[in-house]
Amino acid sequence: MENIYSEIAIVKVPKMKVAKYVVISSNPEQDAIFYMDKWAKESGLLKLKNYIPRRIGWDFPFVSKQQTEQYGLRGYVSAYIIPENFNAEYGKVSMDYFNEDIYATLTITDPHSSSFDKIPKGYEILMEFVNSGEYKTTTWENRIAFEEEYDKDGVHYMDVYIPVK
């Protein structure tokens, strides 16, 4: 693998409560993230004592062929992982739960230096791994593939997760 992709790891992701927002647009990632960042500030989430913000996202596949081909639209979901007891009445977000699950994951270094190359390639590497052996996903029901971005030591990273078995 190239230096921008880490080794693949198998991890257990604990149950998560998320507040999420869906956007269908020509730039859905930026639009959804902008909305959720504003929501996190206005809802009081970022003011919670001992809360460490974590935002995840994933492609929203329910975009029509006409929206994609004629208008160049795509869909994306941005979500904050929130504490179990946090319920905000602010904004147009929906609350959801994802059960504890096992995922294959890899890290992409500086994913946005070439977003439409590096990120799909990361998912491709991960899918090839998952589909080629003992970790092959048998069902996607109530499961998602998702990504989480963060900065560490001045470098931007994206962890990509795909459910296994």
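Points to keep in mind about this one:
- Look at the range 27-43: where a residue is over 27 Å from Thr68 (Cβ atoms) and a partner is of a type in the set (Asp, Glu), sitting 6+ places away or on another chain with Cβ atoms under 9 Å, you get Ser43/Glu89.
- Test: residue in the range 114-121 that is at pLDDT below 95, open to solvent by less than 90 Å² (accessible area, probe 1.4 Å), among the small types (Gly, Ala, Ser) and in a helix (DSSP H, G or I): yes
- Of all residues in the range 68-88 being more than 25 Å from Met127 (Cα to Cα) and without any contact (Cβ under 8 Å) to a residue 24 or more places away in the chain, the one that is surrounded by the most Cβ atoms within 10 Å (Cβ to Cβ): Asn87
- Set Tyr76, Tyr90: member being in contact with an Asp or Glu (Cβ under 8 Å, 6 or more places away or on another chain) and closer than 22 Å to Ile119 by Cα: Tyr76
- Any hit, the range 81-101, residues being within 21 Å of Gln30 (Cβ to Cβ) and part of a helix (DSSP H, G or I): no
- With respect to the stated conditions, Lys136 fails to be touching a residue at least 12 places away in the same chain (Cβ under 8 Å) and more than 19 Å from Ile10 (Cα to Cα).
- For the range 122-136, residues that are under 20 Å from Arg55 (Cβ atoms) and open to solvent by 30 Å² or more (accessible area, probe 1.4 Å) total 1.
- Enumeration of residues in the range 133-147 that are polar (S, T, N, Q) and either on the phi < 0 side of the Ramachandran plot or in contact with an Asp or Glu (Cβ under 6 Å, 6 or more places away or on another chain) (or both): Thr137, Thr138, Thr139
The values are calculated or read from the model by the stated rules, or taken from the named source; none is laboratory data. None of these values were measured; they are calculated from a predicted model. We place every Cβ from the backbone using ideal geometry, glycine too, and count neighbours over all the protein chains shown. Remember, those area values only see protein heavy atoms, side chains included, never the ligands or the DNA or RNA. Shrake-Rupley method; radii C 1.70, N 1.55, O 1.52, S 1.80 Å.
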